[in-house]
Amino acid sequence: MTMQMPAAPLPRGSLTPKSYSAEEIETEAKRLQKVINQGQLWDLETCKTIAPLTLEINELKRANDVFLIAHSYQTPDIVYGVADSVSDSYSLSKAARDAPQQTILFSSVRFMAETAKIVSPHKTVLHPSPEAGCSLSDSITAADVRDLKARYPGVPVACYINTSAEVKAEVDVCVTSSNYLRICEKLPGDRLIFVPDRLMGKHLTEHLAGRKEVINYDGECYVHATFTGEKIRSWRSRTAEHGIELKVLSHPECDADVIAESDVVGSSEKLMEEALRLGAEGKPDIMLITECGTADRVRAESDNEINLIGTCVMCRYMKMTQLEDILQALRDPHPAQIIELDEEIISRAQHSLNEMFRLAE
Ligand code: SF4
């Protein structure tokens, strides 16, 4: 397994936002407090400290016709303070493609901004934190895929969408957490190579047992690999002693024993929808087995009482982007903050994504 080296962090200077009147700051801080909807952590004074940043970012977006998209795992000040669209990586790439604006600012990790560039090559895609990589995406390079293809000639290769543009360009088809089982079933032959997620590959191996052999790779999302079925069983039995019927919602990047203990398995968007639905149905006791950003969104967007039980894990890559980075990229992007991809890589990666759309039908 090869680790891709993330870009060096940009120098973080003393960036000073524009000056705003006390009244403008007060009004913006109240708006932020309302939309973030987590009064204990994001009280009025905290919101006042970020208000000048969100005011200037929103001003620059309007002035320069920029569409700002943020992954669900970004922090609430970004998700609710400045983003125009918030979702999981797959939906956000479609949002980037369909937005009328010619400039997209993608607040997330690098591979997601690259996917936005692949589906909208004629747009400018800004990525505020070039150093924001991903343990899964960085676990594999294009050369690793070429080696696998040389070792298993003619065997189709499927890659999870959490990969770099260069890796997407080498494979036959991309898949997401919502379609990997369906698409891999349809690939020709009785063998397939699945990269880079070993845990998702494990579910796939079990799902296709007796029908296809799966050649797996050794990458993992360090966030989702943290959870275990044992911890869920322990929470279930403890809460059951108090008459609590715990609903467990988990992401498919988790290990098979976590999936086996879960009531719902799906992308971050699906988990959020399910949590809101359960809350509305009077089933508020929920264990969310994923990155902490999903829990923040459930807290902010639920009209009903929801008790999030157990823990979440924070992704250090996802939390690298701060409002200051976004402001700096909007004011005067550093070359490393502009996604540039070779035309041939774009065209070959587009082919893998188009195959996904075709086979997902
Ligand atoms: S949570 Fe972080 S490490 Fe895991 S797949 Fe997403 S970006 Fe990568």
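Computed from the coordinates by the stated procedures, all read-outs in this text should not be read as laboratory data. It should be emphasised that the depicted structure is a prediction, and the values quoted were computed from it without experimental measurement. We place every Cβ from the backbone using ideal geometry, glycine too, and count neighbours over all the protein chains shown.
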**Item:** Residue in segment 234-279 that is farthest from the ligand (Cβ to nearest atom), counting only those that are over 17 Å from Ser178 (Cβ atoms) and of a type in the set (S, T, N, Q)
**Value:** Ser237
**Request:** Starting from segment 21-36, take each residue that is in a helix (DSSP H, G or I) and list its partners that are loosely packed, with under 15 Cβ neighbours inside 10 Å, counting only C-beta distances under 6 angstrom and pairs at least six apart or across chains.
**Result:** Ala29/Leu44; Gln33/Leu44
**Message:** With the structure loaded, tell me whether Ser237 is in contact with a helix residue (DSSP H, G or I) (Cβ under 9 Å, 6 or more places away or on another chain) and polar (S, T, N, Q) or whether it fails that test.
**Reply:** no
**Qualifying position, being of a type in the set (Val, Ile, Thr), in a loop (DSSP other than H, G, I, E, B) and within 16 Å of the ligand (Cβ to nearest atom), among Thr163, Thr115** = Thr163
**Asked** Among the residues of segment 77-110, how many are part of a strand (DSSP E or B) and within 16 Å of the ligand (Cβ to nearest atom)?
**Response** 4
